[in-house]
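First comes the structure, then the notes that go with it.
The values are calculated or read from the model by the stated rules, or taken from the named source; none is laboratory data. These numbers were taken from a predicted model, which means no experiment stands behind them. Here the Cβ positions follow ideal geometry from the backbone for every residue, glycine too, while neighbour counts run over all protein chains shown.
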Amino acid sequence: MADLVKHCGVSERTLAKHFGSFLGLPPLRYLRRLRLAAARELLLHDVGITSVTEAAKQCGFTHFGRFSEQYRRHFGECPSTTLRHARAARPSKQRATRDSADARDIKLNRSGWPPASRDKPTIAILAIQPSAPDLLYGSFTASVAEGIAAALCSVRFLSVTVPRSPRVAIRDPQRSARELGTRYFLTVRMTRAVARLRIIVLLADSATGHHVWGDSYDGSDDDIFELQSRVIEGVVRAILPGIRGAEIERARRANPNDLDAYGLGMRALPFVFASRPDATRRALELLNRAIEIDPDYGLATALAAWCHGQLVMYNGSQAPDEDRALAVRLARRAAVLDSDDPLVLTALCAVHTMAREFDVADALLARALAIDPTSSWAWGRSGWLNSYSGNADVAVAHFSRAISLDPHSPSNANSFVGIGSAHFDAGRYGASAFWMRKALLEQPGAPWANRTLSVSFARLGERMKALESLEALRRYCPDLTISQVVAALPFQPGYLERLAGGLNDLGLAP
């Protein structure tokens, strides 16, 4: 502590107070958590580690019994169990060769510890050279692959590799991808008939060879640049949801105890997007474990912040003021930990929107979309931000764009509710009821949508449907009051007045 105080130029009390306010725990406890995370990283990878004691020493622990107990409390298993599972998962005949490779990959940070693993997916872009009659088009195929790689390089979710040799993938793309050390590979192949060109793009898992996504694009050889632009735009728009879905499935199949912070974050994502308090609480369990493993993981912190915000907005919190304050506190922490990941920025936008800080939310969203203009979630959050700001038609357009970018996204039900809310704001109650009902058919576990649906039915003169909708809302939250509904939603006053008046006419308690 004396070293930290001298470095920061403040008193120990001031340092401890502000550190605790920002990170939620004192500096030395935070340091211990970092050391435990580093020790787990060493044990999980089994890189030249002969014993638990050696890992403890390397990470600064001198009392080995105390280390073992702290590790067990922190991760739910003994360090020896972690090491045993890591060794069992790695076949002995492969261990010797992989240990040396892993040792090169795991670089120590300034403290002498390995950084906590954030195993973001890697992808190789492989240009398949045309057959002999079409060799003149080989450079075009390579330029399409390079264009795709250049566009994907701006996405921090991915690590992109382009092989030096243009012929590397001709015989066996899957093997080439494995040799390059990438998790996925995207092959770009061209065929030609007379004056027509067809570009076929396939995304596959390098470990299994299973196809994750694919598409084809047709064009004329009179305008190959138009075709090239169309291919790059189409691939970039489609590939990220495909890879994220594959990453979520990979994490879902794994043993939860074997997941690192990144894997826990991927496993939590479907629960984050489910827009249901029960799913949100499950997401928080996974995200809190990810933060325990890697306290500096910005994405896990940002998603946890939005989960607390969701509990407030969906009337799923027993202490909404506490959850609101915690959401904002976590969002500020995540903004410091990672200010360049569009997923982080979008989650922070959602939190600041919940807190009615629309200017902050708008700035965060502009940065997220500048980095990844194909993000379905970011366009959906833009829809909500415009809806809350009273820009109903812009909101509908942005929600529609979010749905078109990822038609199979689990968050589309939330966008349906957003479209319904925008129509309610514009006084189009028939359209509002249509989209709210569509959302409930898509996601029956989101009955909070009945807050607006019941009033839309009432405005349409369909009182029986309005009362049925209100009853569904009461089953979801038996003690819900009008004041709680209004406090949870950051809509404009006119929207909230109509909503409160309609709920009052239907008999909801003030």
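On the basis of being of a type in the set (A, V, I, L, M), under 16 Å from I291 (Cα atoms) and in contact (Cβ under 8 Å) with a residue 12 or more places away in the chain, does A350 make the cut?
Numbers: of a type in the set (A, V, I, L, M): yes; under 16 Å from I291 (Cα atoms): no; in contact (Cβ under 8 Å) with a residue 12 or more places away in the chain: yes.
It is false that A350 is of a type in the set (A, V, I, L, M), under 16 Å from I291 (Cα atoms) and in contact (Cβ under 8 Å) with a residue 12 or more places away in the chain.
Could you list, in sequence order, all residues of segment 415-472 that are surrounded by fewer than 18 Cβ atoms within 10 Å (Cβ to Cβ) and either closer than 22 Å to A378 by Cα or touching a His at 6+ places or on another chain (Cβ under 6 Å) (or both)?
Those that are surrounded by fewer than 18 Cβ atoms within 10 Å (Cβ to Cβ) and either closer than 22 Å to A378 by Cα or touching a His at 6+ places or on another chain (Cβ under 6 Å) (or both): A431, K438, E442.
Residues are listed down the side, and each one gets a yes or a no for (1) in the same structural domain as E233 (by TED's automatic domain parsing); (2) under 26 Å from A325 (Cβ atoms); (3) crowded, with 24+ Cβ neighbours inside 10 Å:
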| residue | (1), (2), (3) |
| --- | --- |
| V344 | no, yes, yes |
| L348 | no, yes, yes |
| R356 | no, yes, no |
| R367 | no, yes, no |
| A370 | no, no, no |
| S375 | no, no, yes |
| Y388 | no, yes, no |
| S400 | no, no, no |
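Kindly indicate whether any position in segment 364-385 is within 25 Å of L473 (Cα to Cα) and either within 16 Å of the chain's Cα centre (by Cα) or not in a helix (DSSP H, G or I) (or both). Steps first, please.
First, the residues of segment 364-385 that are within 25 Å of L473 (Cα to Cα): 380-381, 383-385.
Right, trim to either within 16 Å of the chain's Cα centre (by Cα) or not in a helix (DSSP H, G or I) (or both) and you get 380-381.
Yes, the conditions are met somewhere in segment 364-385.
If M266 satisfies all but one of (1) farther than 19 Å from D323 by Cα; (2) within 16 Å of the chain's Cα centre (by Cα); (3) surrounded by 20 or more Cβ atoms within 10 Å (Cβ to Cβ); (4) in contact (Cβ under 8 Å) with a residue 24 or more places away in the chain, what's the number of the condition it fails?
(4)
May I ask you to say which residue of R237, R230, R289, R244 is assigned by TED's automatic domain parsing to the domain that holds A347, among the charged types (D, E, K, R) and not in a loop (DSSP other than H, G, I, E, B)? Show your work before the answer.
Values: R237 fails: assigned by TED's automatic domain parsing to the domain that holds A347; R230 fails: assigned by TED's automatic domain parsing to the domain that holds A347; R244 fails: assigned by TED's automatic domain parsing to the domain that holds A347.
Within the list R237, R230, R289, R244, the selection yields R289.
Helices (runs of 4 or more DSSP H) wholly in segment 1-65 with at least 2 residues that are touching a Gly at 6+ places or on another chain (Cβ under 6 Å) and more than 30 Å from A327 (Cα to Cα) - which ones? Outline the logic, then answer.
Details: elements: 2-8, 12-23, 27-45, 52-58.
It comes to none.
Of the residues V417, V485, only one is touching a Lys or Arg at 6+ places or on another chain (Cβ under 6 Å), in the same structural domain as W306 (by TED's automatic domain parsing) and under 30 Å from D321 (Cβ atoms); which? Spell out how you get there, then give the answer.
Working: V417 fails: touching a Lys or Arg at 6+ places or on another chain (Cβ under 6 Å).
Result of the check over V417, V485: V485.
In the list D215, D205, which residue meets the criterion of being of a type in the set (D, E, K, R), modelled with pLDDT of 90 or more and within 17 Å of Y184 (Cβ to Cβ)?
Working: D205 fails: modelled with pLDDT of 90 or more.
The unique qualifying residue is D215.
Suppose the filter is buried (at least 23 other Cβ atoms within 10 Å of the Cβ) and of a type in the set (A, V, I, L, M); does A335 pass it? I'd like the intermediate steps shown before the answer.
On the way: buried (at least 23 other Cβ atoms within 10 Å of the Cβ): no; of a type in the set (A, V, I, L, M): yes.
No: the conditions fail for A335.
If the requirement is being without any contact (Cβ under 8 Å) to a residue 40 or more places away in the chain, within 21 Å of G380 (Cβ to Cβ) and hydroxyl-bearing (S, T, Y), which of these qualifies: T280, T208?
On the way: T208 fails: within 21 Å of G380 (Cβ to Cβ).
Going through T280, T208 in turn, just one is without any contact (Cβ under 8 Å) to a residue 40 or more places away in the chain, within 21 Å of G380 (Cβ to Cβ) and hydroxyl-bearing (S, T, Y): T280.
For (1) closer than 23 Å to T353 by Cα; (2) at pLDDT 95 or above; (3) more than 27 Å from the chain's Cα centre (by Cα), each residue gets a yes or a no:
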{"residue": "V417", "(1), (2), (3)": "yes, yes, no"}
{"residue": "A426", "(1), (2), (3)": "yes, yes, yes"}
{"residue": "G430", "(1), (2), (3)": "no, yes, yes"}
{"residue": "E442", "(1), (2), (3)": "no, no, no"}
{"residue": "S456", "(1), (2), (3)": "no, yes, yes"}
{"residue": "L460", "(1), (2), (3)": "no, yes, yes"}
{"residue": "M464", "(1), (2), (3)": "no, yes, yes"}
{"residue": "Q484", "(1), (2), (3)": "yes, yes, yes"}
{"residue": "L499", "(1), (2), (3)": "yes, yes, yes"}
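For the condition of a type outside the set (V, I, T) and touching a residue at least 24 places away in the same chain (Cβ under 8 Å), what is the one hit in L31, L25, L42?
Values: L31 fails: touching a residue at least 24 places away in the same chain (Cβ under 8 Å); L25 fails: touching a residue at least 24 places away in the same chain (Cβ under 8 Å).
Answer to the selection: L42.
If I filter segment 37-64 down to residues being of a type in the set (G, A, S) and exposed (fewer than 14 other Cβ atoms within 10 Å of the Cβ), which single residue comes out as modelled with the lowest pLDDT? Outline the logic, then answer.
So in segment 37-64, the residues of a type in the set (G, A, S) come out as 37-39, 48, 51, 55-56, 60.
From what is left, the residues that are exposed (fewer than 14 other Cβ atoms within 10 Å of the Cβ) are 48, 51.
Values: G48: 66, S51: 84.
Among residues in segment 37-64 that are of a type in the set (G, A, S) and exposed (fewer than 14 other Cβ atoms within 10 Å of the Cβ), the one modelled with the lowest pLDDT is G48.
Report yes if some residue within segment 16-25 is at pLDDT 85 or above, within 18 Å of D296 (Cβ to Cβ) and surrounded by fewer than 17 Cβ atoms within 10 Å (Cβ to Cβ); otherwise report no.
yes
If I filter segment 284-315 down to residues being over 14 Å from the mean Cα position of the chain (by Cα) and without any contact (Cβ under 8 Å) to a residue 60 or more places away in the chain, which single residue comes out as surrounded by the fewest Cβ atoms within 10 Å (Cβ to Cβ)?
Among those that are over 14 Å from the mean Cα position of the chain (by Cα) and without any contact (Cβ under 8 Å) to a residue 60 or more places away in the chain, it is E285.
If you check F157 against the conditions, is it of a type in the set (F, W, Y), modelled with pLDDT of 55 or more and over 26 Å from the mean Cα position of the chain (by Cα)?
On the way: of a type in the set (F, W, Y): yes; modelled with pLDDT of 55 or more: yes; over 26 Å from the mean Cα position of the chain (by Cα): no.
The answer is no for F157.
Would you say L259 is without any contact (Cβ under 8 Å) to a residue 40 or more places away in the chain and buried (at least 19 other Cβ atoms within 10 Å of the Cβ)? Walk me through how you get there before you give the answer.
Numbers: without any contact (Cβ under 8 Å) to a residue 40 or more places away in the chain: yes; buried (at least 19 other Cβ atoms within 10 Å of the Cβ): yes.
Considered against the rule, which asks whether it is without any contact (Cβ under 8 Å) to a residue 40 or more places away in the chain and buried (at least 19 other Cβ atoms within 10 Å of the Cβ), L259 comes out as yes.
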